[in-house]
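The values are calculated or read from the model by the stated rules, or taken from the named source; none is laboratory data. Small disclaimer: the values here were computed from a predicted structure and weren't measured. When we count neighbours, we look across all protein chains shown, and the Cβ atoms used for this are built from the backbone with ideal geometry, even at glycine. Ligands, DNA and RNA are stripped out before the accessible areas are found, and what is left, the full protein with its side chains, is counted by its heavy atoms. Shrake-Rupley method; radii C 1.70, N 1.55, O 1.52, S 1.80 Å.
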Amino acid sequence: MTSLALLLWIVGAIVLQLTVFLGIAFWRHWQDYRALRVGAGPAVPTLLPAEGAAWQGWRSFRIERKEVEDVDGCVCSFYLQPVDGEPLPPFRPGQFLTLHLEPPAGEALVRCYSLSDSPAADHYRISVKRVPATDVTAATPAGRASSFLHDRIGVGSLLQVRAPAGHFCLDGSDDPLVLLAGGIGITPLLSMLAWSLERQPGREVWLFYGVRNGREVVRRAQLEALAEKHPNFHLHLCFSAPLPQEMPGRDYRHRGRIELPLLRLELPLAPAHFYLCGPTAMLESLVPALEDWGVPDERIHFEAFGPASVRRKAPQPPGESAAGLVVSFVRSGKEVRWQPEAGSLLAFAEANGVRIDSGCRAGGCGTCQTKIVAGEVAYRQAPDFDPQPGSCLPCVCTPKTHLSLEA
Ligand SMILES: Cc1cc2nc3c(=O)[nH]c(=O)nc-3n(C[C@H](O)[C@H](O)[C@H](O)COP(=O)(O)OP(=O)(O)OC[C@H]3O[C@@H](n4cnc5c(N)ncnc54)[C@H](O)[C@@H]3O)c2cc1C
Ligand code: FES
């Protein structure tokens, strides 16, 4: 055999080996990708606490404990005990409470706050971030409810509270759990994390927690203790603007925001459930990115703490761009042509001088519930509060047809 033939043999053998190796690698990757897309069947929520016999209307609670949760004191936890001493119905990790607050000056406020711990029989915990004024000219004043809770509510104070509610709840499956939190969006995920580590010891859990720097991390000591104790819990602190003295690897894991390339790098290709809670911008970028990655719709769960407009790839209900539809506000005697730029029917009503009471403005509290006299509305996402038949939640819906509202 000539040396040229030998060389060709060697090159041919190397090419063959490489082809076989790449073929196997591609096959494995494809199998993982299929697993990610297809998932492992529907979640079976058998382990989750059953929905307890919740109370109707408002119930009195006393603050039993108040704790600061971050370095700057911007987030406070409140431990609430029922005044009647009766046991509390269990809730599903991820649900929230609705509070009725009466600040000394100003009108009563209704606000929702996620339960931030796993269910206990004798108390609930919520964790509230103070919303500061961002403009000295008072164009964006300090948040009314959060300031009132931080400044005026302490141990012994009484609060009126509605039973736990909400559809943003942990699934009961054993599939890997990926929690993606931005800022104060950590609260419902803390509850999911605590419950899952207590009750699903075999479940792999990732928490990617995005904040600007270490001063904003809520319950850092507890998170690190949990990561130390549970090898199946993987804590990833992501700082977008670390302080000069903060070191990667010691004070935080990743520099920057939570983005898909980071998740692709850190997560195994396995059919996981993703739970996201954070600012609208975070949800608007991450939800479509997860969909593009191949995560099935039913495995992406998210919640925003205010009106958010996350666009999903799934077909949207018709009507959201239904310019030209006429909305009649029967009690106010106004008839106005719908403008989609208004966003929600609530904002549209307010812009046209029609008053509708509101609280959370996110479909959670039911304060804006309004009777539909005629016509139909569309929701981009099922609201957390189930309106009575024949009524709608104007804060999160738009007209689908010409519409008459009792407002
Ligand atoms: C399901 C759900 C769960 C939630 N869970 C939590 C939680 O766990 N923890 C938490 O901290 N929050 C949570 N929230 C958010 C919470 O309900 C409140 O929205 C938040 O505390 C702010 O309320 P506030 O009364 O302090 O602010 P608001 O007084 O309602 O003000 C909100 C914003 O509007 C601005 N603003 C007010 N008036 C004006 C004006 N006239 N002109 C211009 N800007 C104005 C303020 O500057 C502020 O930035 C949750 C919300 C929902 C819907
Ligand atoms: S204001 Fe809370 S549901 Fe509309």
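Determine if the range 367-382 includes at least one residue that is under 23 Å from Leu109 (Cβ atoms), out of contact with any helix residue (DSSP H, G or I) (no Cβ under 7 Å at 6 or more places or on another chain), within 16 Å of ligand 1 (Cβ to nearest atom) and free of Cβ contacts under 8 Å to residues at least 24 places away in the same chain. Looking through the range 367-382, none of the residues is under 23 Å from Leu109 (Cβ atoms), out of contact with any helix residue (DSSP H, G or I) (no Cβ under 7 Å at 6 or more places or on another chain), within 16 Å of ligand 1 (Cβ to nearest atom) and free of Cβ contacts under 8 Å to residues at least 24 places away in the same chain.
All of Phe78, Phe96, Phe91 fail the test of being buried (at least 20 other Cβ atoms within 10 Å of the Cβ), within 16 Å of ligand 2 (Cβ to nearest atom) and of a type in the set (Phe, Trp, Tyr), apart from Phe96. Against the conditions (1) open to solvent by 50 Å² or more (accessible area, probe 1.4 Å); (2) without any contact (Cβ under 8 Å) to a residue 12 or more places away in the chain, Ala227 satisfies every one except (1).
Output the helices (runs of 4 or more DSSP H) that fall wholly within the range 133-237 and possess 3 or more residues being aliphatic (A, V, I, L, M), or say none.
186-199, 220-229
Exactly one residue out of Ala138, Ala145, Ala133 is within 25 Å of the chain's Cα centre (by Cα) and at pLDDT below 95, and it is Ala133.
Residue by residue, here is whether (1) in the same structural domain as Phe96 (by TED's automatic domain parsing); (2) of a type in the set (Ser, Thr, Tyr); (3) more than 8 Å from ligand 2 (Cβ to nearest atom) holds:
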{"site": "Ser332", "(1), (2), (3)": "no, yes, yes"}
{"site": "Arg355", "(1), (2), (3)": "no, no, yes"}
{"site": "Gly359", "(1), (2), (3)": "no, no, no"}
{"site": "Thr370", "(1), (2), (3)": "no, yes, yes"}
{"site": "Pro383", "(1), (2), (3)": "no, no, no"}
{"site": "Pro387", "(1), (2), (3)": "no, no, yes"}
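Within the range 231-241, count every residue that is open to solvent by less than 30 Å² (accessible area, probe 1.4 Å) and not hydrophobic (A, V, I, L, M, F, W, C).
Total satisfying the criteria: 2.
Which ones in the range 341-364 are within 14 Å of ligand 1 (Cβ to nearest atom), touching a helix residue (DSSP H, G or I) at 6+ places or on another chain (Cβ under 8 Å), under 21 Å from Gly143 (Cα atoms) and not in a helix (DSSP H, G or I)? Across the range 341-364, the qualifying residues are Ser358, Cys360, Arg361, Ala362, Gly363. Considering only residues in the range 72-119 that are more than 10 Å from ligand 1 (Cβ to nearest atom) and in contact with a Gly (Cβ under 6 Å, 6 or more places away or on another chain), the one that is farthest from Val218 (Cα to Cα) turns out to be Pro89.
If Ala221 satisfies all but one of (1) closer than 16 Å to Asp72 by Cβ; (2) of a type in the set (Gly, Ala, Ser); (3) touching a residue at least 24 places away in the same chain (Cβ under 8 Å), what's the number of the condition it fails? Here Ala221 meets the rest and fails (3). Within the range 346-365, the set of residues being within 20 Å of Leu101 (Cα to Cα), touching a Ser or Thr at 6+ places or on another chain (Cβ under 8 Å) and open to solvent by less than 30 Å² (accessible area, probe 1.4 Å) comprises Ile356, Gly359, Cys360, Gly364, Cys365.
If we scan the range 244-251, do we find a residue that is within 30 Å of Ala120 (Cβ to Cβ) and out of contact with any helix residue (DSSP H, G or I) (no Cβ under 6 Å at 6 or more places or on another chain)? Can you show your working first?
Step one: filter the range 244-251 for residues within 30 Å of Ala120 (Cβ to Cβ), giving none.
No, there is no match, as no residue in the range 244-251 is within 30 Å of Ala120 (Cβ to Cβ) and out of contact with any helix residue (DSSP H, G or I) (no Cβ under 6 Å at 6 or more places or on another chain).
Residues in the range 133-156 that are free of Cβ contacts under 8 Å to residues at least 12 places away in the same chain and either near ligand 1 (Cβ under 10 Å from one of its atoms) or at positive phi (or both) were compared, and the one that is most open to solvent (accessible area, probe 1.4 Å) is Thr134.
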